Structures are given as C-alpha cells and as structure tokens.
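The values are calculated or read from the model by the stated rules, or taken from the named source; none is laboratory data. All values reported here derive from a predicted model rather than from experimental measurement. So basically every Cβ, Gly included, is an ideal-geometry build from the backbone, and we count neighbours across all protein chains shown.
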Amino acid sequence: MHRFFVSPEIVAQDAVTLRGPLAHQLGRVLRLRPGAEIALLDDTGWAYRVALEAVQPEVARGRIVARWQPETEPRVAIALYQAVPKGSRFDWALQKATELGVAAIVPLITERMVVAMAEASGEKLARWRRIVQEAAEQAGRARLPAVSAPVPFARACEPPPTGALGLIACLHPAVQPLRAALATLPPESLAAVRLYIGPEGDFSPGEVAQAVKAGLIPISLGPRILRTETAPLAALSAILYALGELDRPAAFQP
C-alpha cells in the first residue's frame with residue numbers, strides 16, 4: 001500500500017480531497033484507479049486507510065475506511081547530529097537515518113568540514129526535508145523526523161537533559177566502546193540519545209574537549225575508520241539493537 005504524509009486537516013473528516021502534486025502522483029505516476037487504497041499519515045502518529053473514489057490529475061477524492069496508530073517509532077528518541085559531507089553523501093545519510101528511525105536530524109558545521117556551509121539555502125533545506133519525507137513514507141513511519149538548518153558545533157554541543165545520553169563518535173584516545181557507553185544509563189531510564197558524527201577529518205581536539213566538558217561520551221565504532229556517512233548507520237543500528245528495537249515486529253498495518 002502506498003503511503004503519504006499529509007496535513008492533519010486533510011484527514012479531519014471521513015471524506016478526503018487530495019490536490020496538487022499528490023493528486024498528480026496518484027493519477028499520472030502511480031496510475032491508481034477508483035477502488036484502490038492508500039495510507040495517509042498526519043505526522044501526529046495516526047494513519048488512515050483511504051479508499052479512492054475518484055482520481056484525476058488535478059484532484060483525487062476518497063473516504064477514510066480505517067484509522068490506527070502504527071507502532072513504528074522507536075521508544076527512545078534518537079537525534080542525529082551529522083557533519084555535512086560533500087556531494088550527495090548527506091542525502092544518502094538522511095535517507096538511511098530516516099529509515100532506521102531517528103526522531104531528528106541536525107546538520108553540523110564543524111572545523112574540519114570539507115564543504116563550505118555557513119548556512120543552508122531554503123531550497124537546500126526543502127530538498128533535505130523532501131528526502132526525509134519520501135524515506136519515512138517508504139519505511140512506514142508514523143512521524144517525520146525534524147530536519148533543522150545547519151548549526152555550528154559550538155552551539156549544538158549542549159549537555160544532554162536528564163534521562164538522555166550524548167554520544168560523540170571520534171578518534172579520541174579516551175573513547176569508550178559503544179556498548180559500555182550505553183550501559184551508563186539502564187534501558188528503562190533512557191529517554192533519548194543524541195549522536196554526534198564528525199566530518200571526513202574527524203572532530204578537532206578542541207571540539208572533542210568541548211563535547212566532554214558538556215557531558216558527551218566519546219565513543220568508538222570499532223577498529224576500522226568509517227566514512228562519515230557510514231558511521232551514523234553503524235551507530236544507529238547498534239543503538240537500536242542494544243535497546244531491543246530490532247526485536248519488535250513490523251507493525252504498520254491495522
């Protein structure tokens with residue numbers, strides 16, 4: 001079943017009207033016909049199965065036949081703070097981190113970044129959010145991860161709140177294995193994780209020192225040096241596994 005995020009007012013009543021690019025996608029791209037069913041998500045945790053009654057390039061109409069709350073979101077909110085790599089590698093990291101279940105993505109501006117980025121244009125930020133939305137729809141997520149504008153590391157490096165862990169993956173001599181860092185807070189006490197991933201040249205010594213001062217735990221992701229777009233996926237997968245999230249069955253359908 002095809003899934004699409006829409007604004008909550010569109011699914012406020014049983015009769016649903018879809019216009020613009022979504023109607024075009026349903027009619028022209030997917031070539032759906034009356035009687036086909038799609039799932040709409042309102043980004044509040046609710047999903048709606050909609051039976052299409054009319055499909056035209058400019059407008060599609062349907063009726064809600066079921067409502068439910070998919071249990072697809074991790075029970076521990078994970079925010080990814082990712083230094084922006086050059087080229088299209090950040091797009092790939094956004095997509096895969098969304099599939100894995102991050103709650104928020106904060107692009108980082110760091111000292112050793114290869115790409116110059118004082119700020120992201122509105123166009124670039126809109127593209128990042130579009131990539132995240134498409135990945136969330138494909139993965140059957142009930143909520144969209146928030147994607148912020150790029151933030152300087154000095155501003156993003158904050159003490160984690162009570163019940164949260166701040167982890168910074170780096171090549172610092174005093175790193176802990178990820179498993180040991182996660183054990184500092186029992187799973188039942190852990191409400192959130194903030195994961196910081198550096199650029200191609202790693203975080204600078206000054207950035208790591210600032211992170212340690214703020215209460216972040218320097219962690220290792222093993223004996224091999226990972227690319228900046230590979231590191232978050234390895235860390236996220238390990239964190240989700242340690243928290244038992246990968247033991248949960250698929251739960252999108254009502």
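Name the residues in segment 46-58 that are touching a Leu at 6+ places or on another chain (Cβ under 7 Å) and not hydroxyl-bearing (S, T, Y), would you?
Taking segment 46-58 and keeping what is touching a Leu at 6+ places or on another chain (Cβ under 7 Å), we get 47-48, 50, 52, 55.
Within segment 46-58, A47, V50, L52, V55 meet the criteria.
Conditions (1) aliphatic (A, V, I, L, M); (2) over 11 Å from the mean Cα position of the chain (by Cα); (3) closer than 18 Å to Y81 by Cβ, marked per residue:
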residue: G122; (1), (2), (3): no, yes, no
residue: R127; (1), (2), (3): no, yes, no
residue: I131; (1), (2), (3): yes, no, yes
residue: A146; (1), (2), (3): yes, no, yes
residue: V151; (1), (2), (3): yes, yes, yes
residue: E158; (1), (2), (3): no, yes, yes
residue: A174; (1), (2), (3): yes, yes, no
residue: A181; (1), (2), (3): yes, yes, yes
residue: T184; (1), (2), (3): no, yes, no
TODO: Residue by residue through segment 42-51, note down the ones that are part of a strand (DSSP E or B) and hydroxyl-bearing (S, T, Y).
DONE: Y48
TODO: Answer yes or no as to whether V76 is within 26 Å of the chain's Cα centre (by Cα), buried (at least 16 other Cβ atoms within 10 Å of the Cβ) and in contact (Cβ under 8 Å) with a residue 60 or more places away in the chain.
DONE: yes
Open item on the list: For the condition β-branched (V, I, T) and touching a strand residue (DSSP E or B) at 6+ places or on another chain (Cβ under 6 Å), what is the one hit in V29, V55, V50?
Closed with: V50
Open item on the list: For segment 53-68: of the residues being among the hydrophobic types (A, V, I, L, M, F, W, C) and out of contact with any helix residue (DSSP H, G or I) (no Cβ under 7 Å at 6 or more places or on another chain), which is nearest to V29 (Cα to Cα)?
Closed with: A54
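Could you say which residue among A181, A211, A191 is buried (at least 17 other Cβ atoms within 10 Å of the Cβ), modelled with pLDDT under 95 and on the phi < 0 side of the Ramachandran plot?
On the way: A211 fails: modelled with pLDDT under 95; A191 fails: buried (at least 17 other Cβ atoms within 10 Å of the Cβ).
Unique residue meeting the criteria: A181.
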- [ ] State which residue is farthest from E73 (Cα to Cα) when the search covers only segment 37-55 and only residues that are of a type in the set (A, V, I, L, M, F, W, C) and surrounded by fewer than 17 Cβ atoms within 10 Å (Cβ to Cβ).
- [x] A54
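Taking the condition of being surrounded by 15 or more Cβ atoms within 10 Å (Cβ to Cβ), over 22 Å from E158 (Cβ atoms) and either touching a strand residue (DSSP E or B) at 6+ places or on another chain (Cβ under 7 Å) or not small (G, A, S) (or both), how many residues in segment 222-242 meet it? Please lay out each step first, then the result.
First, the residues of segment 222-242 that are surrounded by 15 or more Cβ atoms within 10 Å (Cβ to Cβ): 226, 228-236, 238-240, 242.
Right, trim to over 22 Å from E158 (Cβ atoms) and you get 226, 229-230, 233-234, 238, 240, 242.
From what is left, the residues that are either touching a strand residue (DSSP E or B) at 6+ places or on another chain (Cβ under 7 Å) or not small (G, A, S) (or both) are 226, 229-230, 233, 240.
The number of residues fulfilling the criteria is 5.
Filter the strands (runs of 3 or more DSSP E) completely within segment 2-41 down to those with at least 1 residues that are of a type in the set (G, A, S) and at pLDDT 95 or above. Break it down stepwise before answering.
Details: elements: 3-5, 15-19, 37-41.
In segment 2-41, 15-19, 37-41 are the strands (runs of 3 or more DSSP E) which contain 1 or more residues that are of a type in the set (G, A, S) and at pLDDT 95 or above.
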Open item on the list: Between a residue in segment 199-228 that is assigned by TED's automatic domain parsing to the domain that holds A164 and β-branched (V, I, T) and any residue that is in a helix (DSSP H, G or I) and buried (at least 20 other Cβ atoms within 10 Å of the Cβ), which pairs come within a Cβ distance under 6 Å, given they are 6 or more apart or on different chains?
Closed with: I217/A181; I219/L178; I219/A181
Task: Candidate set: segment 128-162, residues that are out of contact with any strand residue (DSSP E or B) (no Cβ under 7 Å at 6 or more places or on another chain) and over 24 Å from A47 (Cα atoms); chosen: the one surrounded by the fewest Cβ atoms within 10 Å (Cβ to Cβ) - done: T162
Open item on the list: Just to be sure before I move on: is L165 crowded, with 19+ Cβ neighbours inside 10 Å and either under 20 Å from the mean Cα position of the chain (by Cα) or not acidic (D, E) (or both) in the structure I sent?
Closed with: yes
